[in-house]
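Below is one structure, written out as C-alpha cells; comments come after it.
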C-alpha cells in the first residue's frame, strides 16, 4: 500500500476510534442532562463510528509495525449542547476536509479498498451531521429530540432514522444487516 494512503487510513482509524469513545461519553452526559433520545442518538452513532474504524483497520491488515495516528479528535466535553456542537464540528471536518482529500489520494494511488472505506465513512458522516443538528436544535430549546428508531448498517456504518431500507444505500447489503437503536 502506498505510504500516504496508509497514513490516511491510520489517521482515519484513530479519529473514528476516538469518535466512538467520545460519543459514548457524550451519551452518558445526555442521560444525566435528561435527554434520553439524544443519548440514544449518541450511542447509535458511536456504534457507526466503531464500524468505520473497523473498516479502516481491515484495510491495514498488512502492517506489522506501529505507526503514529494524527486523529484531530475534538476534546472539551461539557453539557449536552456543547457536546452536540463538538460532534457537529467533528463531522463537518470529516465531510468538508478529511474524507474528500483521503478519497482523492487513495484514488490517485490506486488503493481501491482504502478509497471505498473512506467513501463509506464520508457518505455516513453526512447523515450523522444532520442527525446531530436536529438534536442540537431541540436541545437549544431545552427539549429532547424526537426520534424514531435509529438504524445502523453493520457493514458500512450508514445511519438513518426510521425503518431500515431493503438494501443499504451505501454498501448494498440487505435489510437484515441493520441494527436498530430504539
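Laboratory data are not the source of any read-out in this text; all were calculated from the coordinates shown. These numbers come from a predicted model, not from an experiment. Glycine also receives a Cβ, built like all others from the backbone with ideal geometry; neighbour counts cover every protein chain displayed.
If you line up the long axis of helix 36-58 against the longest principal axis of the chain, both from Cα atoms, how many degrees apart are they, to the nearest 10? On a 0 to 90 degree scale, this one is about 10.
Relative to the longest principal axis of the Cα atoms of the chain, helix 3-32 runs at roughly 10 degrees. Mean residue ellipticity, 222 nm, helices only, the chain: the sum of -39500 (n - 2.57) across DSSP H runs of n ≥ 4, divided by residue count and rounded to 500, is -20000 deg cm²/dmol.
Highest mean packing first, where packing is the average number of other Cβ atoms within 10 Å per residue, the peptides 96-106, 114-124 line up as 114-124, 96-106. A Gaussian network model of the chain, with springs between Cα atoms under 10 Å, assigns the largest mean-square fluctuation among 12, 140, 36 to 140. If you wrap the range 1-70 in the convex hull of its Cα atoms and look at it from every side, the mean projected area works out to 4.8 nm².
Assuming a viscosity of 0.890 mPa s and a temperature of 25 °C, what translational diffusion coefficient in µm² per second does Stokes-Einstein assign to the range 72-122, Rh being the Kirkwood radius over Cα pairs? Reported coefficient: 204 µm²/s. Expressed per residue, the C-alpha convex hull volume of the range 26-136 stands at 104 Å³.
In whole Å, what is the distance between the alpha-carbon centres of the range 8-49 and the range 150-182? Computed from Cα coordinates, the inter-centre distance equals 18 Å. Note the angle between two axes, namely the Cα long axis of helix 112-140 and the longest principal axis of the Cα atoms of the chain, as a number of degrees from 0 to 90, rounded to the nearest 10. Between the helix axis and the principal axis of the chain, the angle is about 20 degrees.
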